[in-house]
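> Here it is, the structure in full.
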Amino acid sequence: MKKQNYNFKLDASETRIRKDGSYPVVLIIRKNDKAKKLALPFTAIPEQWNSEYQLFEVEKWIIQSDGKRVKRYLHPDREQNNKALNVYDKRCEDVLKDFFEKRIDWTLNQFEQAVLNRTEKKGVEQYFNQHIEKLDKAGHVGNKICYQNTLNMLKLHNPKFGNLVFSELDLKYINSFHEYLYSERGCANNTIKYYMRALRALLNKAITNKEASETTYPFGKNGYSVAGLTEETEKRYLPGEYLDKLKTVTLETYPLNWSRNLFLFSYYCQGMSFVDMAALTNESIKFDSGQRCIVYKRQKTEGKARFIFIQISEQIQSLLDWFKLNSPLIGEHLLPIVSIEGYEGDQLYEHIRNRNKKFNIHLKSLAKGLKFEGVKLTSYVSRHSYAMRLKESNVSEDVISEALGHKELSTTKVYLSSFGSKVIAEANKNL
């Protein structure tokens, strides 16, 4: 018997016939003149299916030529299959009742996931929150805040976001989110990219963990292009003559010397980020192949991250000596970035962010005083400058990727097997 929003039928079209002459039994769901067909784990030949009752025939008598009545064309698993269909029917009714009681303006995808309970086991918001909690426990505060900001923006875009399942985050939904960020929030492309990269990464994790399906994945081929959001920005590396000037200039104040030396430390340490420099301690100095090295993992990298080995060159040691002689070092910290002892978690993260802001203010003053034109001098420019200097020295992009600790060659290259610190140390001679 046909229901208002769903019914069961035999999909007896020519393209659906199986080798044994049977056809799939399907669940048809409908809403607002739209319909979706969901295959169920049953097949039948037309004579085995009762269209009126939407069940397998349990009795069908045929009168033979000799006048005898016999049962024919009955499916051998008819009773078991009908019990399963009754379970599906009851589940459909319960799902619609739940949608009604919770006032959910459901979609065909939501109905599918709720009834068939396929791959998705959690709602999107629940999965977001669980991932944010994992990042928090792992101490990846920056990544945690990125995902939290993205979740908050998604909820502002759609007040009913908490009811969504992953299959609802299709291309149409992502385009709608983009339009919201661009038109209503006034976000530039690079800001939109910040949110979309986090959302894409979460979807990829959900698919890997069997919490989401690839069927409605919006970022694949012919889907939404995150890379297309990249904007041309100001030149983000220092030309050689600017670098040489920065290395040799005599500066009058401690803040300018502090900022210049931290910038150069980052540069000589293969473009180490400010947050990674802040985390360095005396324990970060180890021996590798008989050489003193700084060993660390990038905090930006989620999941399993490899160690990066940086041989301590004369330039690096000279800077370490300067910091030790001229700066107050807190606890076991190797560099004068963290200035208050005892901070942890979010409090430490905010403290480092504030220190980075001061760092960038001093770098701006430094660039102005040294008349650096065409470059906005920030903490991140050291990383670009390191990569550009190696590239100009004809160092292989694979080696540059390894030195920067990138996972991809698009950011540079897919996560590579280690070249070892000796190869990178040779490359560093070009600095």
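The values are calculated or read from the model by the stated rules, or taken from the named source; none is laboratory data. Keep in mind it's a predicted model, so treat the numbers as computed, not measured. Positions of Cβ are generated from backbone atoms using ideal geometry, with glycine treated the same way; all protein chains shown enter the neighbour counts.
> What is the one condition in (1) surrounded by fewer than 16 Cβ atoms within 10 Å (Cβ to Cβ); (2) of a type outside the set (Val, Ile, Thr); (3) part of a loop (DSSP other than H, G, I, E, B) that CYS187 does not satisfy?
(1)
> Out of everything in segment 382-397 that is of a type in the set (S, T, N, Q) and under 15 Å from MET272 (Cβ atoms), what residue ends up being modelled with the lowest pLDDT? Give the derivation first.
Filtering segment 382-397 down to residues of a type in the set (S, T, N, Q) leaves 382, 385, 393-394, 396.
Filter once more, so that each one left must be under 15 Å from MET272 (Cβ atoms): 382, 385.
Details: SER382: 89, SER385: 85.
Of everything passing the filter in segment 382-397, SER385 is modelled with the lowest pLDDT.
> Residues that are in a helix (DSSP H, G or I) and either in contact (Cβ under 8 Å) with a residue 40 or more places away in the chain or among the aliphatic types (A, V, I, L, M) (or both): does segment 283-299 have at least one? Spell out how you get there, then give the answer.
So the first thing to find is which residues in segment 283-299 are in a helix (DSSP H, G or I), and the list is 283-284.
Those still in the list that are either in contact (Cβ under 8 Å) with a residue 40 or more places away in the chain or among the aliphatic types (A, V, I, L, M) (or both) too: 283-284.
Yes, that holds for at least one residue.
Residue-by-condition table, conditions (1) small (Gly, Ala, Ser); (2) surrounded by 11 or more Cβ atoms within 10 Å (Cβ to Cβ); (3) over 28 Å from GLN113 (Cα atoms); (4) at pLDDT 90 or above:
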residue: MET1; (1), (2), (3), (4): no, no, no, no
residue: LEU10; (1), (2), (3), (4): no, yes, no, yes
residue: THR15; (1), (2), (3), (4): no, no, no, no
residue: LEU55; (1), (2), (3), (4): no, yes, no, yes
residue: PRO76; (1), (2), (3), (4): no, no, yes, no
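> While we're on this one: If you check ILE400 against the conditions, is it crowded, with 19+ Cβ neighbours inside 10 Å, within 31 Å of the chain's Cα centre (by Cα) and modelled with pLDDT of 95 or more?
No: the conditions fail for ILE400.
> Quick check on this structure: which one of PHE177, PHE219 is at pLDDT 85 or above and either touching a Lys or Arg at 6+ places or on another chain (Cβ under 7 Å) or of a type in the set (D, E, K, R) (or both)? Break it down stepwise before answering.
Numbers: PHE177 fails: either touching a Lys or Arg at 6+ places or on another chain (Cβ under 7 Å) or of a type in the set (D, E, K, R) (or both).
When all the criteria are applied, what remains is PHE219.
> What is the one condition in (1) more than 32 Å from the chain's Cα centre (by Cα); (2) at pLDDT 95 or above that GLY331 does not satisfy?
Here GLY331 clears every test but (2).
> Do any residues in segment 329-349 that are aliphatic (A, V, I, L, M) have Cβ atoms under 7 Å from those of residues that are buried (at least 17 other Cβ atoms within 10 Å of the Cβ) and not in a helix (DSSP H, G or I), where the two are at least six apart or on different chains, and which pairs are they?
From segment 329-349, the pairs are LEU329/PRO336; ILE330/VAL338; LEU334/LEU280; LEU335/LEU280.
> In segment 121-146, what residues are of a type outside the set (Val, Ile, Thr), part of a helix (DSSP H, G or I) and over 22 Å from ILE174 (Cβ atoms)?
Initially, segment 121-146 is screened for residues of a type outside the set (Val, Ile, Thr), giving 121-123, 125-131, 133-140, 142-144, 146.
Restricting the remaining residues to those that are part of a helix (DSSP H, G or I) gives 125-131, 133-138, 142-144, 146.
Within segment 121-146, GLU133, LYS134, LEU135, ASP136, LYS137, ALA138, GLY142, LYS144 meet the criteria.
> Out of the residues in segment 160-184 that are in contact with a His (Cβ under 9 Å, 6 or more places away or on another chain) and crowded, with 18+ Cβ neighbours inside 10 Å, state the one that is nearest to GLU112 (Cα to Cα). Don't jump to the end; show me each part of the working.
Within segment 160-184, the subset in contact with a His (Cβ under 9 Å, 6 or more places away or on another chain) is 176-177, 180-181, 184.
Keeping just the survivors that are crowded, with 18+ Cβ neighbours inside 10 Å gives 177, 181.
Details: PHE177: 23, LEU181: 29 Å.
Top of the filtered list is PHE177.
> Six or more apart or on different chains, Cβ under 7 Å: which pairs go from a residue in segment 6-18 that's of a type in the set (D, E, K, R) to one that's assigned to a strand (DSSP E or B) and crowded, with 16+ Cβ neighbours inside 10 Å? Could you list them?
LYS9/VAL26; LYS9/ILE28; ASP11/TYR23; ASP11/PRO24; ASP11/VAL26; ARG16/TYR23; ARG16/PRO24; ARG18/THR43
> Quick one: TYR180 ticks every box in (1) free of Cβ contacts under 8 Å to residues at least 40 places away in the same chain; (2) among the hydroxyl-bearing types (Ser, Thr, Tyr); (3) in a loop (DSSP other than H, G, I, E, B); (4) not assigned by TED's automatic domain parsing to the domain that holds ARG389 except a single one, so which number is it?
(3)
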